[in-house]
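Worksheet: one structure, shown below.
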Amino acid sequence: MLKNGLTLIVHEDHKSPVVAVDLWFHVGSGNEKPGKTGFAHLFEHLMFTGSEHMKGEGDQRAFYEAMERIGGGDANGTTNPDRTDFYETVPTNALDVALWIESDRVGHLLSTIDQTRLDQQRGVVQNEKRQNENQPYGKVWELIMKGTAPAGHPYSWTTIGSMEDLNAASLEDVHEWFKTYYGAANVVLVLAGDIEAPKALKKVEQYFGELPSGPPVARYQAWIPRMHGTRRASIADRSPQGRVYEAWSVPPYGEPDAVRMEMIGDVLGTGKSSRLYKRLVYDDQLATSVSAWTWQRELSGLFCIQVTARPGGDLARIEKAIGEELARFLSGGPTEAELERSKAQRIASFVRSTERVGGFGGKADILAMNETFRGSPDFYQTVLTDQREARARDLQSTARRWLTDDVFILEVQPYPKYESAQSTVDRSRLPSPDAPPEPRFPALQRSCLPNGLKIILAERHSVPLVNLSLQADAGSAADQFGAPGTARLAMEMLDEGTTHRTALQISDELEALGANLSTGSDLDASSISLSTLTSTLDRALEVFADMILNPAFPEADFERLQKLALARIQREKTEPVNLALRVLPGLLYGNGHAYANPMTGSGTEQSVAGLTRADLLKFHETWFKPNHATLLIVGDTSLKEITPKLEKLFAAWKPGKVPAKNIATVGRPPKTALYLIDRPGSLQSLVFAGHVAPPNANPDQIAIETMNTILGGAFTARINMNLREGKHWSYGAGSFIWPARGQSPFIVYAPVQSDKTREAMVEVDKELHGILSSQPPTAAELDKAQKSETLSLPVSWETDDAIVDCIAQIVRFGLPDDYFSTYAGKVRGLSLADVTGAGQRVLHPDQLVWVIVGDRAKVERGIRELDWGDIHFLDADGQPVK
């Protein structure tokens, strides 16, 4: 602890040249008072708007630009009922910059906060609230918080607060909040990564030692709200599926019963063989999804069961089934197999989280949480011990104590004398970072099995994990040979049973090994991925190979997943972004093109309803050929070790041909095309606009991506700075290029308040034309983008999963093996002419296809006033509406 009360925790991890900086302020929405809710989160936003020596314009640009210039990644801030944290992961050489910024906004912020900044960030937060509540189930947590804690309890309101309270927040409130809670004695600072403890202490004393301690902060002790009896609430929502929430107040984080409640959640609702999932999804087929978890908080926890009904499902029957399964657990407790599966899942999850030094759930986050809530950074070891030593009867007795009728169904010592050190920090300017480290992408090793299956391996031995991903030449583009949605449903069926194992046996076997398995399809490839501990690699590989080679596509499971797929499509048609992603591809590519189907890959209700088990068998037989597939491996193994195992497992897999997909070049429309999808009652409009762009594998791709970083691909990009930080019409807006082997979709998106739909379209159009003519990219923008794209690479490549994703791009788009090892040099070598030229070749703002999802009654008139052409009205399936 520093003399001013700041608590410093240092964890050394030298596997990658990065350092995570994580500040936890022991203040959250639980410190608010009724009538002033949402204030902790609003103040978090204000912390990003610049400080006395790091001048800002009242928006968040200064902070993010500084991060982009040094390659800082995963930089953000979050608020919950108990704490507010600010974090970033930076290259080791740039640690001084991060410490300078963080200490400046802790010690030198107040004089910069004025009414203008308050009003700007108030608008951003209110748009965040609108955006969250505009989604299905977007308002349930306000009811759950009120239903599980009495009025006045710190957990009886949501962190984002109410619109009325946000409107009432005054400048005086802001200043008082800072003075009360943002003193050095109320912060835990964690530095985790490539830094030695003595050096870290010296730097922190230099930058933070001068900061005032702040006043003593009053705190609640553990306060578990008991409201006795069953309480109910109901709400109507714009969603095709009903949902049941059941919530109980339980002990706070770190208590033995809280640890056991998490394990109870595993038994009841984690994985396909969990009791509620098996009962409600498999057996009774009343639900499409089930989950059970504990929200770990400082004063009390919240145990939740969430069940989403199938369309038209009976919520009363679901609630009755939940009650029966709970009664069975209370009576008999978990089986030994269920207990061991939970333990394996939890230790594997913990190991995976510690692969990262920063971000949510990373090492810095774990240490900060345990120090803040339990007074010791290594308290997590107590939690792990409690997990490891838990017995079946412990879980049963814990459930009997807490899973009572106290349920809601939707249905918070002498103060030390501190002193501040004399400042030795030059705050007239940011420190200059040291020379940045050269990004290190692991070397790729290649091999090929006798049947043609290509192997690409990147060895990484920092953690005992191995990640594998089989990439097959299929993807949703393969649906042109069948029905839309075939590829996605077929991949989802792979873990529903093989000729040797049932779905539940697969789930049980993988969970007992602490292994994770996932399947999926993007536009051009279908994949099945496995993450397992090194110690369980052999057994996990057997299951992995069995699922690839011998899927059974059981008829009963096909019918169940077909219903889930239809329910998913119905949900997508109510979610603005997914709705636009479903409709736009057909407008861009036209009938017969492999990319014309919904970009979600889920197909249409008509196409999925018409699928049969035979269609999925045919998909697997047609597209899963070893000579048209590549197995990517990243982690704690070697070619010498793993190749013989793969040769044995895949010896019977025979090569063959696969069809050639139609990804032919298409033209853009001759002029602007306007489409409007009516979503009555929408609180926002989604502005979507796109046209085709070159394939990923083109010689200008790096210049194109850098141009897009300037235009709309970063927080400080032009579009977001305009619509979010400048106009406050949106919580976030930007542009992206969807990766594709053929022509890629270039898309601009902007969820905006309904009364600014027309104005937002004008601003998007202005930004697109501006970057092409009146406001071409500047040298400063290029420099910022180059630094952001290169200096952040060590952070981006920290995990094995990230490396797998990069290698998958090499395979999918036919890139050279040294693409990523030479990527930074190519980005740094770009000139203004390169980036400006890329924009000229790619952007065609007068040939955009616009898709607006919003309340027609509110937005149609404004769109017509633009006089950009006829408006075509579409329904949620993309069909014309008169």
Write out, first by first residue and then by second, each pair whose Cβ atoms fall under 7 Å of each other, whose residues are 6+ apart or on separate chains, and whose first residue, in the stretch 445-466, is on the phi > 0 side of the Ramachandran plot and among the small types (Gly, Ala, Ser) while the second is surrounded by fewer than 17 Cβ atoms within 10 Å (Cβ to Cβ) and in a loop (DSSP other than H, G, I, E, B).
-> GLY452/PRO655
Residues in the stretch 751-765: is at least one surrounded by 24 or more Cβ atoms within 10 Å (Cβ to Cβ), under 22 Å from the mean Cα position of the chain (by Cα) and at pLDDT 95 or above?
-> yes
Mind listing whichever residues of the stretch 496-518 are among the hydroxyl-bearing types (Ser, Thr, Tyr) and within 26 Å of the chain's Cα centre (by Cα)?
-> SER507, SER518
Is it the case that GLU705 is farther than 19 Å from ASP855 by Cβ, surrounded by fewer than 23 Cβ atoms within 10 Å (Cβ to Cβ) and modelled with pLDDT of 95 or more?
-> yes
Residue check: is TYR207 surrounded by 15 or more Cβ atoms within 10 Å (Cβ to Cβ), closer than 28 Å to TRP248 by Cβ and of a type in the set (Ser, Thr, Tyr)?
-> no
Verdict on LEU171 being out of contact with any Phe, Trp or Tyr (no Cβ under 9 Å at 6 or more places or on another chain) and either farther than 27 Å from ASN720 by Cβ or not small (Gly, Ala, Ser) (or both) | yes
Give the stretch 326-355 a look and list any residue that's of a type in the set (Lys, Arg) and in contact with a helix residue (DSSP H, G or I) (Cβ under 7 Å, 6 or more places away or on another chain), or say none.
-> ARG341, LYS343, ARG346
Counting only residues that are basic (Lys, Arg) and out of contact with any Ser or Thr (no Cβ under 9 Å at 6 or more places or on another chain), which one in the stretch 826-862 is most open to solvent (accessible area, probe 1.4 Å)?
-> ARG861
Pick from GLY301, GLY323: which is surrounded by fewer than 17 Cβ atoms within 10 Å (Cβ to Cβ), of a type outside the set (Val, Ile, Thr) and within 30 Å of ARG571 (Cβ to Cβ)?
-> GLY323
Within the stretch 570-600, how many residues turn out to be part of a helix (DSSP H, G or I) and open to solvent by 40 Å² or more (accessible area, probe 1.4 Å)?
-> 5
Consider only pairs whose beta carbons are under 6 Å apart and that are at least six residues apart or on different chains; among these, list those whose first residue lies in the stretch 638-659 and is farther than 28 Å from ALA477 by Cα and whose second residue is of a type in the set (S, T, N, Q) and not in a loop (DSSP other than H, G, I, E, B).
-> LEU639/GLN445; LEU639/SER447; THR643/SER447
Lone qualifier among SER521, SER527, SER507, SER531 - being modelled with pLDDT of 95 or more, touching a Gly at 6+ places or on another chain (Cβ under 6 Å) and open to solvent by 10 Å² or more (accessible area, probe 1.4 Å) = SER527
Would you mind telling me which numbered condition in (1) assigned to a helix (DSSP H, G or I); (2) surrounded by 20 or more Cβ atoms within 10 Å (Cβ to Cβ); (3) out of contact with any helix residue (DSSP H, G or I) (no Cβ under 7 Å at 6 or more places or on another chain) THR382 fails?
-> (2)
Restricting the stretch 301-312 to residues that are in a loop (DSSP other than H, G, I, E, B) and in contact with a helix residue (DSSP H, G or I) (Cβ under 9 Å, 6 or more places away or on another chain), the one modelled with the lowest pLDDT turns out to be PRO311
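Sort out for me the helices (runs of 4 or more DSSP H) sitting completely within the stretch 17-121 that have 1 or more residues that are charged (D, E, K, R), open to solvent by less than 20 Å² (accessible area, probe 1.4 Å) and closer than 21 Å to ASP165 by Cβ. Before the answer, list the steps.
Values: elements: 39-46, 61-70, 95-107.
Result: 39-46.
The values are calculated or read from the model by the stated rules, or taken from the named source; none is laboratory data. All of these numbers come straight from a predicted model, not from anything done at the bench. We place every Cβ from the backbone using ideal geometry, glycine too, and count neighbours over all the protein chains shown. Heads up: the accessible areas ignore ligands, DNA and RNA and are worked out on the full protein's heavy atoms, side chains in. Shrake-Rupley method; radii C 1.70, N 1.55, O 1.52, S 1.80 Å.
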